[in-house]
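Notes follow the structure.
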Amino acid sequence: MEHKPITDYDEEVRHCCCSYCGNNCDDITYLLKDKKIVGVRHACRLGASKIINDQDQRLLNPMIRNTDGILEETTWDIALDKVATLLYNSQRPVLYGWGETSVEAIKEGISLAESTGSVIDNQSTICHGTSIQAFQNVGHPVMTLGEVKNRADVIIYIGTNPMDDHPRHLSRYTTFAQGYFRPNGRDDRTVITLDPKYTNTAKVSDEWIQFNMNEDYELFNAMRMVLKGNKLDVDEVAGVKKEKIYELIDIMKNAECGSLFFGLGLSQTLAKQRNVDILIQLIEDLNRYTKWAMLPMRGFFNVNGFNIAMTTQTGYPYGVDFSRGYPRYMVGETTTIDLLNRREPDFFLAVAADPGVQFPGYSIRHLVDIPVVQIDTHWGPYTELSDIVLPSTRIGVETEGTGYRMDSIPLFMKKVVEKPENCHSDWWILNQLKQRVNSLKQKDGAL
Amino acid sequence: MEYILKGGVVFDPKNNINGETKDILIRDGFITDAVSKDAKVLDVSGKLVMPGGVDLHSHIAGPKLAVGRLYRPEDTRRGIKKAPNSVQGFETGFSIPSCPTIGYRYTKMGYTTVTEAAVPPLEAKHAHEEIESIPNLDIPTLTLFGNNWFMLKYVRDNNMDDLTVFISKWLKLAKGYGIKIVNPCGSEAWGWGKNVDGLDDPEPHWNVTGRQVITSLTKVNERLGLPHSVHVHTNDLGHPGNYETTLETFDCVKGLKKNKNVERDQILHCTHVQFHAYKGTSWRDVTSGATELIDYINKNDHLTCDIGQITFDETTTMTADAPMEYDLFRLTGLKWANKDIEVETASGLIPSIYSKRAPVSVLQWAVGLEFFLGVKNPWKIALTTDSPNGGPFIRYPRVISWLMSNEKLNDMLDNHVHNWATRRTAIASYDREYSWNDIAVITRASPAKILGLNDRGHLGLNAKADVSVYDIDVDDFDATLKSNSKILENKLLNSLYTIKDGNILVKDGQIVKLVKSNHLWCNVCGMEDKEKELIKSIRPLFNKYYTIKYENYGVNNHYIKPDTRFDINYSEVD
């Protein structure tokens, strides 16, 4: 395949924020021709392809599924009225998603959830929700990515593969980046990957320590024991030789400044939040000797923003149930997958998310039996399930708004090009729904 | 809208009105001396009337709060209440309430201005974005500079000119109101898991001391003529023996000149002084060091302080003094949160349980009260709990009940708290009782003056129409009685009226109106060209050491609607 630089453009827009992963790279340059994006600089392949292929399979008009089961284009008024009526008349509505929209839209969503007594939940319920549970159990020692860039001499990735999933993580923030106290970038750092699989991240690490699948807890427990000065009386733990564990702890203990990143390979394997619990405790213990902090690798560009906005508004991070008029949060009780498995919801709205891709099959089956609505930009598996589809706009491309990077740094993501004519921003759509629900309430004398 | 608050008993210390029965006239959001016949009369005969409350040090918005809420759902659960009416929404949280809840509770207490005391510039957007969700307050934010790398470099090079320009520009970028210093050099040392000990212990890399940071930033603050002085959380917080560091900190700026254009008296504000006033070498032999500090405050006029009063609650401590929080974690084993923020600062959190039976909690509680009772001039102090560090802000009325009733205080000392209070502090030697006028000073007039906000904290002509009225018949209610302390607390928690900018926000203890909170920030004028030059030299380093681009760093107008910009005219001084 031949790569040629793009020269056919008439405008450059610099310092744009990428709206793909939790890296939220803010050094992206969009190349515009006739006010359309024709190229992108600095972005990784994932980000670039998302920006460049923006119009591919784009949802452009509101649609309602007709009696033949075909999605048929309709007007905004008809679609919004129908969604508002369905939402207003439902007993157990769930508003899910939010990882790829702005905090401004999320706050509007929370307000809609409150006024309709809905459950509001986001992707962390199936990714780093367990990590958040661990933070609630034992603490939350984190840092911003610049701390890693400037100070870290030892970097550990566990159960995560940023080379494929957050492609610029190592180059922009951690491993290869030159920092104040690490002027030689990669040469000044030791990078270790702990993962059952040999990943592309393991490939660029100084060392790959393979351990047995689902034996995370045992491994970290052993590491913690060794750190505390105990000797292991077995030859290996979780498939890792005890000498290797001693060596690893020695490296960690003698780091000047260590940073640890972990992903779903940890938070979603057998012991779930307990894996993260013990890892946090290891980090806490390490701070007796030197400096360590850790960070979950967040997926979507604003999945963290949802947790922040949610705690700002309600005190709880995700899976919040407003059915009693005040927020309730109980993992396993008010979280989406559990609700679907119990076949409780009678209305399901997904905003900027695709449960069709993300959810386990058994949970999705219930969506076939209830009214399902999509607010999103592109056609996907969830569109096939949806009864009503409301086409929205891209944050950081067509609509401005706030996104929170994985380390909770807020970024103002600007608007660069005009939205497709008949699409509206998530904020506008949610605001319209709120107004329409309020008019229904007024009609009923409930307001 | 025009109002006449009729027949209230008014306490307005700035204007020497001490319990006079007086009408307060309001027009177009300000206090006035004449209204038209259309003015609405609110009968508050005999009721306690004061200016709207002003809190000069609280933690209500920003990254620490976000971490705190995320990791303590048990705190959120503690304060759940259904929405009481169609105006006010639900409440959640106790020590770290949700943003809307913070607005509701302060408003019901009659407060109209609350300072967010610690905002790292990198996450200033976040703080302002959270303020967006807090209703009904005027909120100045203090910007953290005490461990900023650019600051450390300028101080190390003794480059006061560039430091001045830097602070001026950074306040604009962060939309900050003033300079906050927290454990100068210590939080930077925490980047390596270390701390500094005392005022003259240099940070390992920059070779700069806390003394250099505090004196340099004080000079800059006075050069710029910012309305508020530097706002300092001194080194060694919470360490037995730290009162000496605090005394040295008080003294290290004594000879510096105050800008003649500012109306405040102080050049240094020492915050939550209670946490900095311990003698001894460990928590075993700790005693109060308040007497020496009180003596210094009584004899010198260049400093003010707020207290950081302990309230005997389970709360959440949160501070940019990150190494201290790790120390607390080692001490208590409770769940520790930490957040290091590149190039600028660090922060830590840990739950804290202050118990009446725990010797250390009681000592801390008594030390705070010693300051209240020992500092002779109430204009030099302000009531804070360093919310939520010493206790949540909803305990201010309780603290007031302790200050107004010697009987209540003695009952606590005799019957309810551990004997360290009397054995290890001088609290039992005080019999002072605060008057309503004194209360109006420490909760209104003095914090407003210390902050340099001349348009509030009083009810003079053209002051902002921020007024609180409490259902207390001043002449018939004896606040000195122990038996009245609970009643007093409840009345002060639920104002009869809270009026802000001429809007009635609370009526009969219920919130009746919500308005957007106002972002207060300082804009230094007259140095724009120098700022541009400085940015040219800073930008390459900025882009190298931060992980976001300079162009995406500042807080743009998107986040500060509505705002009040204080234009400060900068003129070169010697």
> Which number gives the lysine pairs in segment A:293-447 that have C-alpha atoms under 26 Å apart and are eight or more places apart or on different chains?
Replying inline: 4
> Which residues of segment B:56-71 bury at least 30 Å² of accessible area once all protein chains are present, versus their chain alone (1.4 Å probe)?
Replying inline: B:69, B:70, B:71
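Explain nothing, just the number: relative contact order of segment B:507-574, from Cα pairs under 8 Å at least 6 residues apart, as a whole percent.
Details: 45 pairs, mean separation 39.9, N = 68.
Reported as a whole number, the value is 59 percent.
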> How big is the accessible area of residue A:424 in square angstrom, nearest 10, if you roll a 1.4 angstrom probe over the protein chains?
Replying inline: 40 Å²
> Near residue A:84, within a Cβ-to-Cβ distance under 12 Å, what is the net charge of the other residues, with Lys and Arg +1 and Asp and Glu -1?
Replying inline: +3
> How much net charge surrounds residue B:554 when only the other residues with a Cβ under 10 Å from the Cβ of residue B:554 are counted, with Lys and Arg +1 and Asp and Glu -1?
Replying inline: +3
> How far, in degrees from 0 to 90, does helix A:129-138 lean away from the longest principal axis of the Cα atoms of chain A, to the nearest 10?
Replying inline: 50 degrees
>> Need one word for segment B:451-550: rounded, prolate or oblate. Basis is the Cα gyration tensor (sqrt eigenvalues a ≥ b ≥ c); a/c below 1.5 gives rounded, then a/b vs b/c decides.
In response: prolate
> According to a simple spin-label model (label point 7 Å from Cα along Cα-to-Cβ), what is the distance in nm between residue A:435 and residue B:43?
Replying inline: 4.3 nm
> What FRET efficiency comes out for the pair residue B:205/residue A:417, r = Cβ-Cβ distance, R0 = 56 Å, nearest 0.05?
Replying inline: 0.80
> If amide H atoms are built 1.01 Å from N in the plane of the peptide, which residues on other chains or at least 5 residues away come under 5 Å of the amide H of residue B:506?
Replying inline: B:498, B:512
> Other chains' Cβ within 10 Å of B:126-137 residues: what's the mean?
Replying inline: 3
>> Please report the projected area of the protein assembly as shown's Cα convex hull averaged over all directions, in nm².
In response: 42.2 nm²
> Taking H as built 1.01 Å from N, whose amide H comes closer than 5 Å to the amide H of residue B:17, not counting residues under 5 places away?
Replying inline: B:12
>> I need the peptides A:357-366, A:288-297, B:485-494 ranked by packing, meaning the mean over residues of other C-beta atoms within 10 angstrom, with the highest value on top.
In response: A:288-297, B:485-494, A:357-366
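Other chains' Cβ within 10 Å of A:131-144 residues: what's the mean?
For peptide A:131-144, the averaged partner shielding equals 6.
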>> I'd like the orientation of helix A:273-286 relative to chain A: the angle between its Cα long axis and the longest Cα principal axis, in ° from 0 to 90, rounded to 10.
In response: 40 degrees
> For segment B:201-300, what class follows from the C-alpha gyration tensor (a ≥ b ≥ c being the square roots of its eigenvalues): rounded when a/c is under 1.5, otherwise prolate if a/b is larger than b/c, else oblate?
Replying inline: oblate
> Can you give the FRET efficiency for residue B:566 and residue A:242, using 1/(1 + (r/R0)^6), R0 = 51 Å, r = Cβ-Cβ distance, to the nearest 0.05?
Replying inline: 0.20
> Where the accessible area of segment A:316-392 is counted over protein heavy atoms with a 1.4 Å probe, how much of it, in %, is carbon and sulfur?
Replying inline: 53 percent
>> Counting only other chains, and only Cβ atoms inside 10 Å, what mean value do you get across the residues of A:398-410?
In response: 4
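Would you work out the relative contact order for chain B, in percent, from Cα pairs under 8 angstrom that are 6 or more residues apart?
Across chain B, relative contact order equals 21 percent.
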>> On a full-extension model of 0.36 nm per residue, what is the gain between residue A:53 and residue A:15, subtracting their alpha-carbon distance, rounded to one decimal in nm?
In response: 11.7 nm
>> Can you order the peptides A:436-446, B:194-204, B:20-30, B:52-62 by their average number of other Cβ atoms within 10 Å per residue, highest first?
In response: B:52-62, B:194-204, B:20-30, A:436-446
> To the nearest 0.05, how large is the calculated FRET efficiency for residue B:455 and residue A:442 if R₀ is 45 Å and r is the Cβ-Cβ distance?
Replying inline: 0.65
> Of all accessible surface on segment B:53-117 at a 1.4 Å probe, what whole percent is carbon and sulfur?
Replying inline: 52 percent
>> Show me the ranking of peptides B:6-13, B:561-568 by mean Cβ neighbours inside 10 Å, starting with the highest.
In response: B:6-13, B:561-568
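Determine by what factor the alpha-carbon radius of gyration of segment A:253-397 differs from 2.2 N^0.38 Å, reporting the quotient.
Here the Cα radius of gyration is 1.29 times the empirical estimate.
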> In segment A:1-119, carbon and sulfur make up what percent of the accessible area (probe 1.4 Å)?
Replying inline: 48 percent
>> So with the 1.4 Å probe, I'd like the accessible area per residue for the protein assembly as shown, rounded to whole Å².
In response: 34 Å²
> Under the classification rounded if a/c is under 1.5, otherwise prolate if a/b is larger than b/c and oblate if not, where does segment B:407-484 fall, given a ≥ b ≥ c as square roots of the Cα gyration tensor eigenvalues?
Replying inline: oblate
> Looking at chain A from every direction and averaging, what is the projected area of its Cα convex hull in nm²?
Replying inline: 23.2 nm²
> How big is D for chain B, in µm² s⁻¹ as a whole number, if Stokes-Einstein is applied with the Kirkwood radius of its Cα pairs at 4 °C and 1.567 mPa s?
Replying inline: 55 µm²/s
>> On a 23 Å Cα-Cα criterion, which of the cross-link pairs B:257/B:380; A:291/B:339; B:64/B:507; B:108/B:172; B:108/B:500 come out too long?
In response: B:64/B:507; B:108/B:172
> Taking only C-alpha pairs under 8 Å that are 6+ residues apart, what is the relative contact order of chain A in percent?
Replying inline: 24 percent
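Top to bottom by accessible area (1.4 Å), largest first, where do B:160, A:310 land?
Solvent-accessible surface, decreasing: B:160, A:310.
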>> Net charge within 13 Å of residue A:270 by Cβ-Cβ distance, Lys/Arg positive one each and Asp/Glu negative one each, not counting residue A:270 itself?
In response: -1
> Using modelled amide H (1.01 Å from N, peptide plane; none on Pro or chain starts), what sits under 5 Å from the amide H of residue A:38, excluding residues fewer than 5 places away?
Replying inline: A:31, A:32, A:33
> Between residue A:73 and residue A:184, what length in nm is gained on full extension when 0.36 nm per residue of separation is reduced by their alpha carbon distance?
Replying inline: 34.3 nm
> residue A:91 versus residue B:544, label points 7 Å from Cα toward the beta carbon: distance in nm?
Replying inline: 6.6 nm
> Once you put a point 7 Å from the Cα of residue A:235 and another 7 Å from the Cα of residue B:265, both along the Cβ direction, what distance in nm separates them?
Replying inline: 7.9 nm
> What is the gain in length, in nm to one decimal, between residue B:153 and residue B:515 on full extension, counting 0.36 nm per residue of separation less the C-alpha to C-alpha distance?
Replying inline: 126.1 nm
> Which ³J(HN,Hα) values, rounded to whole Hz and listed in residue order, are derived for segment A:357-364 from phi using the Karplus coefficients 6.51, -1.76 and 1.60 in 6.51 cos²θ - 1.76 cosθ + 1.60 with θ = phi - 60°, glycine and proline given as x?
Replying inline: 8, 8, 8, x, x, 4, 5, 5
> How much accessible area is lost when chains A and B come together, counting both sides, with a 1.4 Å probe, in Å² rounded to the nearest 100?
Replying inline: 5300 Å²
> Once phi is turned into θ = phi - 60°, what whole-Hz ³J(HN,Hα) does the Karplus curve with 6.51, -1.76 and 1.60 give for every residue of segment A:154-171, x standing for Gly and Pro?
Replying inline: 10, 10, 10, 10, 10, x, 8, 10, x, 4, 9, 9, 10, x, 9, 4, 6, 7
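The values are calculated or read from the model by the stated rules, or taken from the named source; none is laboratory data. As the structure is a prediction and not an experimental result, all values here were calculated from the model. In this analysis, Cβ positions are derived from the backbone assuming ideal geometry, glycine residues included, and neighbour counts consider all displayed protein chains. To get the accessible areas, we keep the full protein, side chains included, count just its heavy atoms, and leave off ligands, DNA and RNA. Shrake-Rupley method; radii C 1.70, N 1.55, O 1.52, S 1.80 Å.
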